[in-house]
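Just so you know, all these numbers are worked out from the coordinates, no wet-lab data involved. The structure presented is a predicted model; accordingly, all values stated were derived computationally and were not measured. Cβ placement follows ideal geometry from the backbone for every residue including glycine, while neighbour counts extend to all protein chains displayed.
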Amino acid sequence: MAMSESALAGSEQISNPRNLPITAGFAVNPADNVTGYKSFQAGSFKFKRDEYFVYVTSPTASHTMPADAFLRALMRDVAWGFFYGTVNFDQVFGTTNFYGEVDMFMGAMNEAYTEAHRDFVERFKADQLMEIFKQMISDWTNEGYDPFAAPMETGVPWGIKNGDNDGAVGRQRVTARRMVGLPGDTPVRSDANGYTVNRMFLDVPQDKPEVHAEPGFEHEVSAFNLFGYLSRSDVTWNPSVCSVVKDSLFCPTSEEYILPVEHGNDRCEWFIQLTDEITWNVKDGLTGRPRAVINMKAGDCCCMPADIRHQGFSAKRSMLLVWENGSPKIPELIRNGQAPSVAVQF
Amino acid sequence: MGHYTTDFGSIHSYKKGGVTAIDDDAKRYVFSNMFEAAAKSKPYERVAVAKNFEYVIESVKAEGESPWYSCAHDEFIISMDGKVRVDYVKLADPDAAVDPESEGAVKLSGQPVGKPMGYVLLGRGHMAMLPVGSAYRFTAPETCTLLIQSIDGPVTVHRWAEICQS
């Protein structure tokens, strides 16, 4: 998931399966006199929030989401640079990334909406839509509420406009260039740099590996406590790159409560359960029909096919290794229909 | 109240989840368990438990001393459930040991020629780099499981039908 920047960058050819023109027309409207929140417009989509809810309207439908669910989903879409494939905020509204351009949709991935011709899609330049989304998450997040945090570990998103939490919503994602802990690379987490052990990981050993590097090899003979590192994560459902083999990215993360989006893959994505347990509801990527339920326990390995959407549930905070292939060749393979839906045939 | 126990799993004690298909084929999810795969393998067989194009994640039963390996690119190892020592040698002529254009680890015959780089001692959950240009060897006093981030190569073992839910 080293997609924060790369997913925004345009590839040489950008796929446009719906042949949509680029939509412009963005607006940030003044704060509402009652709630204090600004409203936003991107193309034909309008966004408004009040004390409890977010309202999204398009020419074909209007849609209401709880403010907490919308903000958690919006936070991931922003932090992940629209991610790989489709980010369904829920079963109706979301975005699909074409790496440089983005489709924003209402009901386009929902069988009932499409059959009723209530679906609507507009296409945007990724950087322009991202700018509006960033302003939205900034304005709609109140002081004390962190949409990255587990619900029991942060304040509430409700109520009228009350300050902001730009420090939390503007976090930079961790992307190691080679491996966490190497000289000059992403540092390990510790009390000293502000990363305390999570309340659900107090039993995770914080011992350090013994590293005995001969002089001159300190930058190569290197190790760190990955489980300790993950036990100190201050965010949930936000994978960060910890080690890199060419385009193979180990993106472990700590998970608690619910993945805030239904992620619709455009490529195979692997999950390796490092500790504890997650249950995944899997639905068809295009229609939203249920396909499978997957229960993963420590040590389990599972591939999400490229034609589904998935949402995870973790009752106790768990450690999940998300394994991504960030090859720049993949968007073209997807465009040409050459990217496999299933990682392994046996 | 408020006391949480983290379930790590190990080659000696693990629980396995699974795929409940509603309108799908469970095989598409390539579901396995790394501890089970390691438990059923010979020491230092590098069994693929995940594959994405050319890239793999290998599960390895560590037990005693491994052969020496090298690779034309970085690899990374996580000790999942036990103690393992990794020794490193900076190869005097890495291109002679491994084709620099190749991918995946290569098993070396005999002792590697080069300068000792040092070693690391890993415990549960520790991650280490297996750097390009080096030779490396694992030593585990007790049986445990290693997870290796690499690329499909000559030492990668594929036995998907045996390890995956069908």
For the range A:243-300, the Kirkwood Rh over every pair of distinct alpha carbons, in Å, works out to 13.3 Å
Based on the alpha carbon coordinates of chain A, what radius of gyration and maximum Cα-Cα distance (Dmax) apply, in Å?
20.3, 69
Candidate lysines for bridging to B:Lys51, where Cα separation is under 18 Å - those fewer than 8 sequence places away on the same chain excluded
A:Lys246, A:Lys329, B:Lys27
Might you report the magnitude of the Cβ-based charge dipole of the range A:150-204 about its Cα centre, with Lys and Arg at +1 and Asp and Glu at -1, to the nearest 20 debye?
220 debye
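Roughly how big is the range A:73-143's charge dipole about its Cα centre, with Cβ charges of +1 (Lys, Arg) and -1 (Asp, Glu), in debye to the nearest 20? Could you put the intermediate results ahead of the total?
Numbers: 5 positive and 12 negative charges, 22 e Å.
Computed charge dipole of the range A:73-143: roughly 100 debye.
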Under 5 Å, built H, 5+ apart or other chain: amide partners of A:Glu51:
none
Taking every pair of alpha-carbon atoms in the range A:128-218, what share in percent sits in each 5 Å bin, from 0 to the bin with the longest distance?
2, 10, 13, 17, 15, 14, 11, 7, 5, 4, 1, 0
Positive-pole candidate from B:Ile78, B:Ile151, B:Pro100, dipole of the range B:57-166, charges at beta carbon:
B:Ile78
J(HN,Hα) series, the range A:208-214, from Karplus relation 6.51 cos²θ - 1.76 cosθ + 1.60, nearest Hz, glycine and proline x
9, x, 7, 10, 10, 8, 5
Can you tell me the length gained on complete extension of the stretch A:Glu332 to A:Leu20, counting 0.36 nm per residue apart and subtracting the Cα distance?
110.5 nm
Ranked by Cβ crowding within 10 angstrom, fewest neighbours first, how are A:Glu220, A:Glu111 ordered?
A:Glu111, A:Glu220
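Could you grab the Rg to Rh ratio for the range B:88-133? Cα atoms only, Kirkwood for Rh. Intermediate values should be presented prior to the final figure.
Values: Rg = 12.2 Å, Rh = 12.2 Å.
On the Cα set of the range B:88-133, Rg over Rh gives 1.00.
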Starting from 0 in steps of 10 Å, tell me what percent of the Cα-Cα pairs of the range B:1-140 lands in each bin.
11, 36, 31, 15, 6, 1
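Would you calculate the convex hull of the Cα atoms in the range A:179-245 and tell me its volume per residue in Å³? Walk me through the intermediate numbers first.
Values: hull volume 6.9 nm³, N = 67.
Residue-normalised Cα hull volume stands at 102 Å³.
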What number comes out for the charge environment of A:Asn225, summing +1 per Lys or Arg and -1 per Asp or Glu over other residues with Cβ under 12 Å away?
+2
Taking the alpha-carbon set of the range A:294-344, what are its Rg and Dmax in Å?
13.7, 41
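Based on the alpha carbons, how large is the Rg to Rh ratio for the range B:1-76 when Rh follows Kirkwood? List each step's numbers first, then the result.
Numbers: Rg = 16.1 Å, Rh = 15.2 Å.
The Rg/Rh ratio comes out at 1.06.
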Quick one: plug the Kirkwood hydrodynamic radius of the range A:149-281 (C-alpha pairs) into Stokes-Einstein at 10 °C, 1.306 mPa s, and report D in µm²/s.
93 µm²/s
Over all Cα pairs of the range A:1-145, how is the pair count split among 10 Å bins, expressed in % and running from 0 up to the last occupied bin?
11, 44, 35, 9, 0
Net dipole in debye of the protein assembly as shown [+1 Lys, Arg Cβ; -1 Asp, Glu Cβ; about Cα centre; nearest 20]
400 debye
Taking the convex hull of the alpha carbon atoms in the range B:81-166, what volume per residue do you get, in Å³?
124 Å³
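Express in % the proportion of alpha carbon pairs of the range A:64-124 at distances exceeding 18 Å. List each step's numbers first, then the result.
Values: 620 of 1830 pairs.
Counting every Cα pair in the range A:64-124, those more than 18 Å apart make up 34 percent.
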Using just the Cα positions, wrap the range A:20-101 in a convex hull and report its mean projected area in square nanometres, one decimal place.
5.9 nm²
Once Lys and Arg get +1 and Asp and Glu get -1 on their Cβ, which of A:Ser240, A:Leu274, A:Tyr257 lies farthest toward the positive end of the dipole of the range A:231-280?
A:Ser240
Hey, if you put +1 on the Cβ of every Lys and Arg and -1 on every Asp and Glu Cβ in the range A:1-139, which of A:Met75, A:Asn88, A:Phe40 ends up farthest toward the positive end of that dipole?
A:Phe40
Name the lysines eligible as straight-distance cross-link partners of B:Lys83: C-alpha to C-alpha under 16 Å, and not fewer than 8 places from it in the same chain.
A:Lys208, B:Lys61
Between the range A:303-344 and the range A:169-242, how far is it from one alpha carbon centroid to the other, in angstrom?
24 Å
